[in-house]
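Novice: Before anything else, here's the structure in question.
The values are calculated or read from the model by the stated rules, or taken from the named source; none is laboratory data. What you see is a predicted model, and the numbers here were worked out from it, not measured in a lab. Using ideal geometry, Cβ is built from the backbone for each residue, glycine included, and neighbour counts are taken over all protein chains shown.
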Amino acid sequence: MSVLESVLSVERPLVKLTNVYKTFHAGTVNEVRPMQGINLDIAEGSFVIVLGGNGSGKSTLLNAMAGSFSIDAGRIEMDGLDVTKWPEHRRASLIGRVFQNPFSGTAPSMSILDNFSLAAKRGKFRGLSWAHSRQLRDELRDRVGGLKMGLEDRMDSTIGSLSGGQRQALTLLMATWLKPRLLLLDEHTAALDPKSADQVIALTDEIIARERLTTLMVTHSMQQAVNLGSRIVMMHKGNLLHDFSTSQKHRLRVEDLLVRFENVRRRELLDESVAKLLRTRYI
Ligand SMILES: Nc1ncnc2c1ncn2[C@@H]1O[C@H](COP(=O)(O)OP(=O)(O)OP(=O)(O)O)[C@@H](O)[C@H]1O
Ligand SMILES: [Mg+2]
């Protein structure tokens, strides 16, 4: 890399969304607009917490980055490339994802080892022939052992026989194995009991720090938002309502975030009552 290239790469965000719009069911009674001109730069190595009420557009934001649908307008750049028109499978080479449901992302009737082999065959671990390589099998066992969930001796157990927390930990391991350029976590601990959620969160934090992964993590937990990450963005009705930088985030407490949410809720109630008033007055 030349000096100029390295200077440019320091300044260039890893992910850049420019004026992104998305409407679902346009022109029908079910029309929703979860992205209303989103502009967002994500610096390389940053760990961004995404907050917002139900339906505010958090998952849609992550899905737009992953290419789960085509956007209506705007541009999405990743790693300096314009990926706006790239289909989801092409972007998958840059992205690791973990969803809320511990059942998604793995095949329950297959063993831990076979799940990793399957991921290898699907191209997630290109060039690695897992099932046949003693060395890779040992490496996998080591990494699974590193989860400290006692799974290293259960490599032949089916994924379906594991707890939700164990599954999410494995899914996280799969998603981060090849150091994705971008890691997308969509409420990946929301379906777990509190103890498992804490365990998976600790693991998440450890992997992200160790691998210096650029990450977006959606959560409804104010505690997680305050404790984790280097930046918080708060969404509301398809817009970015607040954006707290690292230094602002350091001073944030759970109560501060709750106040922001309360303000949004109040404004919404006010909007509704104004709308109602207007309806009764003019219709
Ligand atoms: N593929 C889709 N097709 C139709 N509507 C969608 C689709 N994805 C999202 N929506 C709608 O867009 C809006 C925003 O949804 P989104 O899933 O982004 O919300 P969210 O902030 O993740 O909410 P939650 O906290 O409940 O997960 C919702 O009204 C949702 O129903
Ligand atoms: Mg969601």
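Novice: Taking the residues in the range 101-134 that are within 18 Å of residue 89 (Cβ to Cβ) and not in a loop (DSSP other than H, G, I, E, B) as candidates, determine which candidate is modelled with the highest pLDDT. Walk me through it before giving the result.
Specialist: Here is the first cut: in the range 101-134, the ones within 18 Å of residue 89 (Cβ to Cβ) are 104-105, 118-127.
Remaining after also requiring not in a loop (DSSP other than H, G, I, E, B): 118-121.
Numbers: 118: 77, 119: 74, 120: 68, 121: 67.
The extreme case among them is 118.
Novice: Same structure, new question: Of everything in the range 83-100, what is in a loop (DSSP other than H, G, I, E, B) and either more than 14 Å from ligand 1 (Cβ to nearest atom) or free of Cβ contacts under 8 Å to residues at least 12 places away in the same chain (or both)? Give them in sequence order. If you could, list the steps in order and put the result at the bottom.
Specialist: At the first step, the residues of the range 83-100 found to be in a loop (DSSP other than H, G, I, E, B) are 83-87, 92-94, 99-100.
Answer for the range 83-100, where residues must be in a loop (DSSP other than H, G, I, E, B) and either more than 14 Å from ligand 1 (Cβ to nearest atom) or free of Cβ contacts under 8 Å to residues at least 12 places away in the same chain (or both): 83, 84, 85, 86, 87, 92, 93, 94.
Novice: Here's another thing I want to ask about it. If you go through the range 89-99 one residue at a time, how many are away from ligand 2 (no atom under 16 Å from the Cβ) and either under 30 Å from residue 268 (Cβ atoms) or under 15 Å from the mean Cα position of the chain (by Cα) (or both)? Before the answer, list the steps.
Specialist: Narrowing the range 89-99 to residues away from ligand 2 (no atom under 16 Å from the Cβ): 89-96.
If we keep only those that are either under 30 Å from residue 268 (Cβ atoms) or under 15 Å from the mean Cα position of the chain (by Cα) (or both) as well, we get 91-92, 94-96.
Summing the residues that are away from ligand 2 (no atom under 16 Å from the Cβ) and either under 30 Å from residue 268 (Cβ atoms) or under 15 Å from the mean Cα position of the chain (by Cα) (or both) in the range 89-99 gives 5.
Novice: Moving on to the next point. Does at least one position in the range 179-194 carry a residue that is part of a helix (DSSP H, G or I) and surrounded by 14 or more Cβ atoms within 10 Å (Cβ to Cβ)? Before you say what the answer is, go through the steps one by one.
Specialist: Within the range 179-194, the first condition is being part of a helix (DSSP H, G or I), and the residues that meet it are 194.
Pick out the ones that are also surrounded by 14 or more Cβ atoms within 10 Å (Cβ to Cβ) and you get none.
No, the range 179-194 has no match at all.
Conditions tested, residue by residue: (1) in a helix (DSSP H, G or I); (2) basic (Lys, Arg); (3) buried (at least 16 other Cβ atoms within 10 Å of the Cβ).
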site: 136; (1), (2), (3): yes, no, yes
site: 139; (1), (2), (3): yes, no, no
site: 148; (1), (2), (3): no, yes, no
site: 151; (1), (2), (3): no, no, yes
site: 165; (1), (2), (3): yes, no, yes
site: 168; (1), (2), (3): yes, no, yes
site: 196; (1), (2), (3): yes, no, yes
site: 223; (1), (2), (3): yes, no, no
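Novice: Determine which single condition residue 229 fails, assuming it passes every other condition in (1) away from ligand 2 (no atom under 16 Å from the Cβ); (2) over 14 Å from the mean Cα position of the chain (by Cα).
Specialist: (2)
Novice: Quick check on my filter: what residues within the range 200-237 are of a type outside the set (Asp, Glu) and in contact with a Lys or Arg (Cβ under 8 Å, 6 or more places away or on another chain)?
Specialist: Taking the range 200-237 first, the residues of a type outside the set (Asp, Glu) are 200-204, 207-210, 212-237.
Across the range 200-237, the qualifying residues are 213, 214, 218, 226, 229, 230, 231, 232, 234, 235, 237.
Novice: Just to be sure I understand the filter: pairs with C-beta atoms under 6 Å, separated by 6 or more residues or on different chains, first member in the range 26-41 and among the charged types (D, E, K, R), second member assigned to a loop (DSSP other than H, G, I, E, B) and surrounded by 15 or more Cβ atoms within 10 Å (Cβ to Cβ). Which pairs pass?
Specialist: That search, which allows pairs on different chains as well, returns 33/238; 41/13.
Novice: Now a separate question. Can you find, within the range 65-80, the residue that is farthest from the chain's Cα centre (by Cα) among those that are of a type in the set (A, V, I, L, M) and under 17 Å from residue 26 (Cα atoms)? Let's see the steps before the verdict.
Specialist: Taking the range 65-80 as the starting set, the residues that turn out to be of a type in the set (A, V, I, L, M) are 65-66, 71, 73, 76, 78.
Then keep just the ones that are under 17 Å from residue 26 (Cα atoms); that gives 71, 73.
Details: 71: 18, 73: 22 Å.
Across the range 65-80, the extreme among qualifying residues is 73.
Listed here are the residues, each with its yes/no results for (1) buried (at least 16 other Cβ atoms within 10 Å of the Cβ); (2) modelled with pLDDT under 95.
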| site | (1), (2) |
| --- | --- |
| 19 | no, no |
| 37 | no, no |
| 47 | yes, no |
| 51 | yes, no |
| 63 | yes, no |
| 86 | yes, no |
| 89 | no, yes |
| 94 | yes, yes |
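Novice: Under the condition of being within 16 Å of residue 183 (Cβ to Cβ) and polar (S, T, N, Q), which residue from the range 51-64 is nearest to ligand 1 (Cβ to nearest atom)?
Specialist: 59
Novice: Here is a further query. Can you say whether residue 73 is closer than 16 Å to residue 239 by Cα and away from ligand 2 (no atom under 16 Å from the Cβ), as far as the supplied structure shows? Spell out the reasoning first.
Specialist: On the way: closer than 16 Å to residue 239 by Cα: yes; away from ligand 2 (no atom under 16 Å from the Cβ): yes.
For residue 73, the condition - closer than 16 Å to residue 239 by Cα and away from ligand 2 (no atom under 16 Å from the Cβ) - is met.
Novice: Do the conditions hold for residue 243, that is, is it part of a helix (DSSP H, G or I) and more than 16 Å from ligand 2 (Cβ to nearest atom)? Can you show your working first?
Specialist: Values: part of a helix (DSSP H, G or I): no; more than 16 Å from ligand 2 (Cβ to nearest atom): yes.
So residue 243 fails the test.
Novice: With the requirement that a residue be more than 11 Å from the chain's Cα centre (by Cα) and not in a loop (DSSP other than H, G, I, E, B), what does the range 37-63 give you?
Specialist: Start the filter on the range 37-63 by keeping residues that are more than 11 Å from the chain's Cα centre (by Cα), which leaves 37-46, 51-57.
Residues satisfying the conditions are 37, 38, 39, 40, 41, 42, 51, 52.
Novice: Go through the range 169-209 and count every residue that is of a type in the set (S, T, N, Q) and either farther than 30 Å from residue 77 by Cβ or within 16 Å of ligand 1 (Cβ to nearest atom) (or both).
Specialist: The first filter runs over the range 169-209 and keeps only residues of a type in the set (S, T, N, Q), leaving 171, 176, 189, 196, 199, 204.
In the following step, the residues that additionally are either farther than 30 Å from residue 77 by Cβ or within 16 Å of ligand 1 (Cβ to nearest atom) (or both) were identified as 189, 196, 199.
Of the residues in that region, 3 qualify.
Novice: Take residue 254 and tell me if it is touching a helix residue (DSSP H, G or I) at 6+ places or on another chain (Cβ under 7 Å), more than 28 Å from residue 179 (Cα to Cα) and β-branched (Val, Ile, Thr). Reasoning before the result, please.
Specialist: On the way: touching a helix residue (DSSP H, G or I) at 6+ places or on another chain (Cβ under 7 Å): yes; more than 28 Å from residue 179 (Cα to Cα): yes; β-branched (Val, Ile, Thr): yes.
In short, yes.
Novice: Additional query: Do you know which of the residues in the range 65-82 that are assigned to a loop (DSSP other than H, G, I, E, B) and surrounded by fewer than 19 Cβ atoms within 10 Å (Cβ to Cβ) is farthest from ligand 1 (Cβ to nearest atom)?
Specialist: Let us first name the residues in the range 65-82 that are assigned to a loop (DSSP other than H, G, I, E, B), namely 67-72, 79-80.
With the extra rule that they be surrounded by fewer than 19 Cβ atoms within 10 Å (Cβ to Cβ), the set shrinks to 68-70, 72, 79-80.
Working: 68: 7, 69: 6, 70: 12, 72: 13, 79: 24, 80: 27 Å.
So the residue we want is 80.
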